[in-house]
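Notes follow once the structure below has been shown.
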Amino acid sequence: MTSDDDWLADGQVRTYRRGQKIIEAGKPLGEWIAISGGAAFLAARAAADTRVAVAALWLGDVIGAESPLGKLAARYDVTALVDVTTIHIPLTRVNERHAPRRDAATGELYAATATRLQDQITMRLAGNGLQRLVSVLATLATALNSTPRVGAAGNSLSLPVSQACIGQLSGLSRRQTWIYLGQLAERGWNRTSRTKVTLEGLNAWLSLMREVEERGLDCIASVEQCDQTLSALAAGKGLRR
């Protein structure tokens with residue numbers, strides 16, 4: 001390849017089915033890997049036989065070598081939430097020569113991935129139980145909305161993850177997750193069943209985390225405040241300070 005702009009064309013495209021592991025924690029990373037379609041979730045090792053889901057990543061995120069997930073060895077398991085397409089390039093190929101445009105492009109991807117990961121980890125530390133759950137639902141809506149037609153119908157979105165996984169991403173027990181989802185469902189923002197959760201008012205969910213960034217966590221501190229904020233967003237009236 002002779003141009004800084006066409007280095008991605010050298011990559012191998014792979015597809016992982018929903019539930020398939022893309023990367024295993026602790027294994028060497030010999031490839032530069034980026035998500036080009038779909039969404040995945042990261043899980044950290046909490047004990048020898050225990051993994052805890054910590055974040056979701058999606059289109060444009062870099063998950064292989066030299067990424068925020070690890071330089072030469074993976075810090076997390078990465079598992080497909082839905083069908084995921086990835087681009088794989090041997091690390092030796094990426095590092096074989098200095099290419100300013102390529103380096104700038106990869107730098108932007110690394111920074112965006114690190115920001116998404118850090119934002120989700122920070123929310124797990126800073127938010128109360130409801131705030132964590134609501135942020136996870138909004139994040140999953142954004143991640144899955146990057147894959148057209150995945151569980152989408154009108155202004156609703158069926159999340160292809162279990163309540164248990166949503167609870168893990170939120171740092172909540174199954175009972176806490178069930179209670180909060182039920183309270184949001186009473187206000188019409190989701191529908192739950194044993195096997196799936198469907199978000200209602202998708203457009204509001206997609207705007208929610210930007211609103212939180214503007215106004216702070218207080219706007220989702222209680223079920224009533226979540227309802228007010230989502231209702232305002234659904235009506236196109238973000239409540240700016």
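Non-local amide H neighbours of ASP83 (under 5 Å, H modeled in plane, Pro and chain starts lacking H): which ones?
Amide H neighbours of ASP83: ARG18.
Treating each Cα of the stretch 127-235 as an identical point scatterer and ignoring solvent, apply the Debye formula and state log10 I(q)/I(0) at q = 0.14, 0.17, 0.18 Å⁻¹.
The Debye formula, applied to the Cα set alone, gives -0.47, -0.71, -0.81.
Lys/Arg Cβ at +1, Asp/Glu Cβ at -1, dipole of the chain taken about the Cα centre: which of GLN131, LEU57, LEU181 is farthest positive-ward?
Checked the options; the winner is LEU181.
Please give the solvent-accessible surface of MET123 in Å², to the nearest 10, using a probe radius of 1.4 Å with every protein chain present.
Counting only protein heavy atoms, MET123 exposes about 20 Å² to solvent.
222 nm [θ] for the chain, helices only, -39500 (n - 2.57) per DSSP H run of 4+, per residue, to 500? Walk me through the intermediate numbers first.
Values: 7 runs with 95 residues, N = 241.
Taking each H run of at least 4 residues, the total per residue is -12500 deg cm²/dmol.
Any idea what the relative contact order of the chain is, in percent, if you count C-alpha pairs under 8 Å spaced at least 6 apart?
Working: 443 pairs, mean separation 43.5, N = 241.
RCO, the chain: 18 percent.
Given Cβ point charges of +1 (Lys, Arg) and -1 (Asp, Glu) and nothing else, what value in debye, to the nearest 20, does the dipole of the chain about its Cα centre take? Before the final figure, lay out the partial values.
On the way: 28 positive and 23 negative charges, 145 e Å.
Its charge dipole is roughly 700 debye.
Between GLU186 and ALA112, 0.36 nm times their residue separation minus their Cα-Cα distance comes to what? Could you put the intermediate results ahead of the total?
Values: separation 74, 0.36 × 74 = 26.64 nm, distance 3.52 nm.
Computed gain between GLU186 and ALA112 is 23.1 nm.
Leaving out ligands and nucleic acids, and using a 1.4 Å probe, what accessible area per residue does the stretch 100-232 come to in Å²? Walk me through the intermediate numbers first.
Working: 6350 Å² over 133 residues.
Value for the stretch 100-232: 48 Å² per residue.
Which whole-number value in Å³ per residue fits the convex hull of the alpha carbons of the stretch 1-142? All intermediate terms of the calculation are to be shown ahead of the outcome.
Values: hull volume 15.0 nm³, N = 142.
So the per-residue hull volume is 106 Å³.
Using label points projected 7 Å from each Cα along Cα→Cβ, tell me how many nm separate ARG215 and LYS196, to one decimal.
Modelled inter-label distance: 3.0 nm.
Please quote Rg/Rh for the chain to two decimal places, taking the Kirkwood radius as Rh and restricting both calculations to Cα atoms. Intermediate values should be presented prior to the final figure.
On the way: Rg = 18.6 Å, Rh = 18.7 Å.
Taking Rg over the Kirkwood Rh, I get 0.99.
So who's got an amide H within less than 5 Å of the one on ASN190, skipping anything under 5 residues away but keeping other chains? H placed 1.01 Å off N, in plane.
The answer is ALA185, GLU200.
Would you work out which of LEU72, GLN120, VAL94 lies farthest towards the positive end of the dipole of the chain, given +1 charges on the beta-carbon of Lys and Arg and -1 on that of Asp and Glu, about the Cα centre?
GLN120
How many percent of the accessible area of the chain is carbon or sulfur, using a 1.4 Å probe? Please list the in-between numbers first.
Working: 5860 of 11750 Å².
Of the solvent-accessible surface of the chain, carbon and sulfur hold 50 percent.
Need the C-alpha centroid separation for the stretch 158-201 versus the stretch 18-96, integer Å.
For the stretch 158-201 versus the stretch 18-96, the Cα centre distance is 25 Å.
Which FRET efficiency value, to the nearest 0.05, is calculated for ALA164 and VAL13 with the Förster distance at 35 angstrom and r the Cβ-Cβ distance? If you can, show how the numbers build up before the last one.
Working: r = 31 Å, r/R0 = 0.90.
So, using R0 = 35 Å, E works out to roughly 0.65.
Only four residue types carry charge here, +1 at the Cβ of Lys and Arg and -1 at the Cβ of Asp and Glu. Report the dipole size of the stretch 6-116 about the Cα centre in Debye, rounded to the nearest 20. Mind showing how you got there, number by number?
On the way: 14 positive and 12 negative charges, 43 e Å.
My answer is approximately 200 debye.
The values are calculated or read from the model by the stated rules, or taken from the named source; none is laboratory data. These numbers come from a predicted model, not from an experiment. All Cβ positions, glycine included, derive from the backbone under ideal geometry; neighbour counts span all protein chains shown. In case anyone asks, the SASA skips ligands and DNA or RNA and just uses the protein heavy atoms, side chains included. Shrake-Rupley method; radii C 1.70, N 1.55, O 1.52, S 1.80 Å.
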